[in-house]
Amino acid sequence: MAELATIARPYAEALFRATDPELAPSLVAPLQQLAQVASEPRLREFADNPKVSARQVSELILGVLPAPLPAALQNLLQVVIENGRLAALGEIATQYQALVDARAGVSQAIVYSAFEISADQLADITAALERRFGRRLDTRVVIDPELIGGVRVVVGDEVLDTSVRARLERMRTALAA
């Protein structure tokens, strides 16, 4: 996927630079919705049809979205469609989110847990992780029953795995050695 990241980077950076710093965070959610719609296989098939114009694709996407897109995202959509880069919208959204987070001094953290985590538990986990990683974190929980117990945390390219599954795997490796 490095190629897709390379394709998406100029679009994400251009959108980020063209957007008022105070408004930049408000574009994250609509951009993610746009990326989700653009990832639909039937839509991509429609967009790849040489008989279909960029305007038709744009109108279809705008018609499916639950709310009107801000002007900056409408322009981005048009440019992406005209350049045949509809497949890169998901990565554009990811990179744009990273740019907004970097400006705000926040990192995204995904906490994988075998069980539901209450709001109080998540606040405690977030506080401990912020001390551990040395930065503010925006945490999101994903339930993964295969972990058996404990948590696995992913912050950017860093992983902290304290799950029972990881411990069992380490024990298996040690016993096999």
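A simple spin-label model places the labels of Val79 and Ala5 2.2 nm from each other, with each point 7 Å out along Cα-to-Cβ. Close amide H partners of Thr139, meaning residues 5 or more places away or on another chain with modelled amide H under 5 Å apart, are Ala109. Taking all protein chains in place and a 1.4 Å probe, what share, in percent, of the accessible surface of the range 79-177 do carbon and sulfur account for? Carbon plus sulfur share of accessible area: 54 percent.
According to the square roots a ≥ b ≥ c of the eigenvalues of the Cα gyration tensor, what is the shape class of the range 92-159, taking rounded for a/c under 1.5, prolate for a/b larger than b/c otherwise, and oblate for the remainder? Taking the square roots of the gyration eigenvalues as a ≥ b ≥ c, the range 92-159 is prolate. The sum of -39500 (n - 2.57) across all DSSP H runs of n ≥ 4, divided by the residue count of the chain, sets its helix-only mean residue ellipticity at 222 nm to -18500 deg cm²/dmol. Ranked by the mean number of other Cβ atoms within 10 Å per residue, highest first, peptides 128-138, 26-36 order as 26-36, 128-138. Working from label points 7 Å from Cα in the Cα-to-Cβ sense, the Arg103 to Val159 distance is 3.2 nm. Leaving ligands, DNA and RNA out of it, report the carbon-plus-sulfur percent of the accessible area of the range 1-76 at a 1.4 Å probe. Carbon-and-sulfur percentage of accessible area, whole number: 55. Rolling a 1.4 Å probe over the heavy atoms of the protein chains gives the chain an accessible area of 62 Å² per residue. Recomputing P(r) over Cα pairs in 10 Å bins from 0, in percent from the coordinates shown identifies the correct label among (i) 9, 29, 27, 22, 11, 3, 0; (ii) 9, 34, 36, 17, 4, 0; (iii) 9, 40, 38, 11, 1, 0 as (i). Relative to the current alpha-carbon distance between Asp138 and Leu122, full extension at 0.36 nm per residue lengthens the span by 4.7 nm.
The values are calculated or read from the model by the stated rules, or taken from the named source; none is laboratory data. As the structure is a computational prediction, the values presented were derived from the model and not from experiment. Cβ coordinates were reconstructed from backbone atoms using ideal geometry, including for glycine residues, and neighbour counts include every protein chain displayed. Quick note on the areas: whole protein, heavy atoms, side chains included, nothing else; ligands and nucleic acids left out. Shrake-Rupley method; radii C 1.70, N 1.55, O 1.52, S 1.80 Å.
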